Amino acid sequence: MQKIPLYLIMAGTTLLFFCAACVPLRPIDDSSYLIRAEEQQVVQANAQKIRSAKLVYNVSTPAEPAGQVLIRYKAPNKYRFDYLSTHTAGVVCLIGNNGWGYQPKSGVYNLTGQEVAMLRYDVESLPFHSRLHKLFPDIRMVGEETVNGERCRILRGRKGPDELKFWVGRDTQLLHRTRGTIDGAPCGAEYFNYSRHQNVLMARTILATGPRGFSRRTLQSVEWNVPIDNSVFQPLRPLPQGNRHPMPPPPARKPQKPVKPMKPAIHAAPQQVGHSHPKKTGGASATAARPALPARKIAPATPPGTVPHAAVKAPHAAERVNR
């Protein structure tokens, strides 16, 4: 057996390492950072056990400092948001990829494509879902920045014209901030005061920005797996055809005829206590049935605190008048 020269072995080894260095390594999937942040909020196995939910947030905006939103969810894809404040109210509902809304002035209407996209972003960012990574197939790490006192990785997600950045803590793996555009509309949020609610880690305070401006949301209550009827997600009336065609308001009820006020009762003046007042009954005067009493002389006014002279002298005078 012929021996291979040592220099050939060294040359072959060097060539092997050189080729390995030239072959590009498989890039790290940056979406794993976002997936880990979402699993930090709720493990997928626990998320699948949540079949329904009710969340109540207090909402404050510059125009409406005191508002409240009720969020109802029923698996697998039904969501309803009810907003109520001092001056406004409204409902938006998402069922699959379709949505409807309601306002007292315009009635029931279809959501536009932009409204559906923004609502989809809201529902996918709910803490018991945490599925934002599914909205953006292309996620890359683009830098680092300190947010809320923690060094964060900045991840950029893209899907067509939509782009959203995520700030994920390096140590806590918590989502601290989102910012970008969805269907051409600006959106974003900052998350504070995380606390756990039955295996779900939730931010109790959210500072959100969107097409309608800034809002502060504060978590008030959470309920998991509560009974919610399917009728909650059905529109109040049939949806119109097409997009954004408000239905006319319900027909106004016919105004009822006003009830004539009753005539006030006529009280006898003090000087007429001794007289009977005629009352018409059946076309005949009441005085025809009985004679009128003679006029009596009225005693002068009695000072306060004393017993009237007429009451002492003739206590049954009024009774005789009405007999």
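Read-outs: derived from the displayed coordinates by stated rules, not from any lab. Everything quoted here is computed from the prediction, not taken from an experiment. Cβ sites come from the backbone with ideal geometry, for glycine too, and all protein chains shown count toward neighbours.
Which ordering of 94, 70, 111 is given by a fewest-first count of other beta-carbon atoms within 10 Å?
Going from sparsest to densest Cβ surroundings: 70, 111, 94.
Return the distance in nm (one decimal) between the two label points of a simple spin-label model at residue 97 and residue 193, each offset 7 Å from Cα along Cα→Cβ.
3.9 nm
How long is the gain from residue 86 to residue 146 if the chain were fully straight, where each residue apart is worth 0.36 nm and the alpha carbon distance is subtracted?
Between residue 86 and residue 146, full extension yields an extra 17.8 nm.
Which residues among the range 198-239 fall inside the zone where the amide N is under 11 Å from a point 7 Å beyond the Cα of residue 43, along Cα→Cβ?
Only 199 fall inside the zone, counting backbone N under 11 Å.
Going toward the positive end of the dipole of the range 31-233, with +1 on Lys and Arg Cβ and -1 on Asp and Glu Cβ, which of 195, 62, 116 do you reach last?
195
State the dimensionless ratio Rg/Rh of the range 24-109 (Rg: radius of gyration of Cα atoms; Rh: Kirkwood radius).
1.14
Any idea how many Lys pairs in the range 31-233 come in under 13 angstrom at the alpha carbon, given 8 or more places apart or on separate chains?
Value for the range 31-233: 4.
If you rank 197, 87, 133 by fewest surrounding Cβ atoms within 10 Å, what's the result?
Ordered from fewest to most neighbouring Cβ atoms within 10 Å, 197, 87, 133 come out as 87, 197, 133.
Rank the residues 51, 177, 196 as a footprinting-exposure proxy: fewest other Cβ atoms within 10 Å of their Cβ go first.
196, 51, 177
Rounded to the nearest 0.05, what FRET efficiency is calculated for residue 66 and residue 124 with R0 set to 22 Å and r the Cβ-Cβ distance?
Here the calculated transfer efficiency is 0.20.
Would you please state the base-10 log of I(q)/I(0) at q = 0.08, 0.10, 0.12 1/Å for the range 31-233, with intensities from the Debye formula using one equal scatterer on every alpha carbon?
Treating every Cα as an identical point scatterer, log10 I(q)/I(0) equals -0.26, -0.41, -0.61.
With a cap of 15 neighbouring Cβ atoms within 10 Å, and only residues DSSP puts in a loop, list the trypsin sites (Lys or Arg not before Pro) found in the range 134-170.
Of the trypsin sites (Lys or Arg not before Pro), the ones in loops of the range 134-170 whose Cβ has at most 15 other Cβ atoms within 10 Å are 170.
Report the gain in length on full extension from residue 52 to residue 77: 0.36 nm times residue separation, minus Cα-Cα distance, nm rounded to one decimal.
8.0 nm
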